[in-house]
1. From the list Thr249, Thr234, which residue is part of a loop (DSSP other than H, G, I, E, B), in contact with a helix residue (DSSP H, G or I) (Cβ under 8 Å, 6 or more places away or on another chain) and open to solvent by less than 60 Å² (accessible area, probe 1.4 Å)?
2. Could you say which residue among Lys132, Lys103 is surrounded by fewer than 18 Cβ atoms within 10 Å (Cβ to Cβ) and touching a Gly at 6+ places or on another chain (Cβ under 9 Å)?
3. Only one of these conditions is not met by Ala123: (1) more than 19 Å from the chain's Cα centre (by Cα); (2) buried (at least 18 other Cβ atoms within 10 Å of the Cβ); (3) hydrophobic (A, V, I, L, M, F, W, C). Which number is it?
4. Count, please, the residues in region 1-29 that happen to be in a loop (DSSP other than H, G, I, E, B) and touching a helix residue (DSSP H, G or I) at 6+ places or on another chain (Cβ under 9 Å).
5. Is it the case that Asp3 is outside the structural domain of Leu75 (by TED's automatic domain parsing) and either within 16 Å of the ligand (Cβ to nearest atom) or modelled with pLDDT of 95 or more (or both)?
6. Which count do you get for residues in region 194-206 that are open to solvent by less than 50 Å² (accessible area, probe 1.4 Å) and either within 17 Å of the chain's Cα centre (by Cα) or without any contact (Cβ under 8 Å) to a residue 12 or more places away in the chain (or both)?
7. For region 171-188, check the following and say yes or no: at least one residue is farther than 23 Å from Tyr122 by Cβ and open to solvent by 50 Å² or more (accessible area, probe 1.4 Å).
8. Would you confirm, using the coordinates I've provided, whether Ser254 is within 15 Å of the chain's Cα centre (by Cα), within 12 Å of the ligand (Cβ to nearest atom) and over 27 Å from Ser5 (Cα atoms)?
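The values are calculated or read from the model by the stated rules, or taken from the named source; none is laboratory data. Every value quoted in this text rests on a predicted model; they were computed, and no experiment measured them. Cβ sites come from the backbone with ideal geometry, for glycine too, and all protein chains shown count toward neighbours. Accessible surface is based on the protein model in full, side chains and every heavy atom, while ligands, DNA and RNA are left aside. Shrake-Rupley method; radii C 1.70, N 1.55, O 1.52, S 1.80 Å.
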Amino acid sequence: MNDLSGQVAVITGSTSGIGLALARAVAARGGDVVLNGLGDPSEIERTRAGIEAACGVRVRYHAADMRRGEEVADLVAFAKHELGRLDVLVNNAGVQHVEAIEKFPSEKWDQIIAVNLSSAFYAIRAAVPIMKAQGRGRIVNVASAHGLRASPFKSAYVAAKHGVIGLTKTVALETARDGITCNAICPGFVETPIVERQIADQARTHGISKDRVVEEVILAKQPTKRFVTSDELTGLFLYLVSDLGASATGGSFSIDGGWTAQ
Ligand code: NAD
């Protein structure tokens, strides 16, 4: 289950947080990786070169903007062209904006739908022919507990993540006989930059400390009262991309400290 040597993974939004943790996990198990995401170019290059040197695998970076479908398709084509194949596609890039529906800015709605939902469509559409030709493929969409439950003030994010789960099920049905699986991982709160920004915003809005925001706002719905860790997500991810995960397709797998049990 842990050997990914000879495999190639594309992970969108892998310059930070969960995507970067999954990229490191693939490389540590011998897989080649295409990184993608925003950030300072010299820092990204340091990360890329660091993983490559530490793991002895090929690591490339592609700067596709997940808001642009043609760039997303180009990222997938780049993996095949540069590294020779495509075994694992992780649709992970995501953004958030928290605001009441009547004030929610149109450009934020468009950005969130594009990055969190449409980019997965463009990447999957480009990846499936390559995976079909190989007779095997693994697609993992990083959705959210918000793909299964709503919270106020997160209309675009909740809509996009519910959409990702619908897309996941549809792709699973269409590829079920092709050796391809397509699944969604639905994390609860994980302590990454996307959440750190929300903690800072909420502390400002409510005029309370960041510790109180974590306890009373962020982890209010997470019965374990602690953040999910990237390692815990990695464990499920490694199962889904392994041969043992061959019959797990179309699923939405919660790792949320009990959130969606409520
Ligand atoms: P993060 O902010 O650390 O990472 C987001 C990644 O997406 C970054 O690499 C960023 O550069 C990239 N990205 C954003 N806009 C982009 C664009 N236009 N083009 C290319 N890349 C872009 O946050 P994270 O927590 O690691 O989030 C990863 C995924 O996990 C997201 O889809 C998020 O919705 C999901 N998620 C996170 C949590 C959590 O609590 N952190 C919970 C559930 C789901």
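1. Result of the check over Thr249, Thr234: Thr249.
2. Numbers: Lys103 fails: touching a Gly at 6+ places or on another chain (Cβ under 9 Å).
On inspection, the qualifying residue turns out to be Lys132.
3. (1)
4. Qualifying residue count, region 1-29: 10.
5. yes
6. Narrowing region 194-206 to residues open to solvent by less than 50 Å² (accessible area, probe 1.4 Å): 194-195, 198-200, 202-203.
If we keep only those that are either within 17 Å of the chain's Cα centre (by Cα) or without any contact (Cβ under 8 Å) to a residue 12 or more places away in the chain (or both) too, we end up with 194-195, 200, 203.
Count: 4.
7. Here is the first cut: in region 171-188, the residues farther than 23 Å from Tyr122 by Cβ are 177, 188.
Now drop any that are not open to solvent by 50 Å² or more (accessible area, probe 1.4 Å), which leaves 177.
Checking region 171-188: at least one residue is farther than 23 Å from Tyr122 by Cβ and open to solvent by 50 Å² or more (accessible area, probe 1.4 Å).
8. Values: within 15 Å of the chain's Cα centre (by Cα): yes; within 12 Å of the ligand (Cβ to nearest atom): yes; over 27 Å from Ser5 (Cα atoms): yes.
The answer is yes for Ser254.
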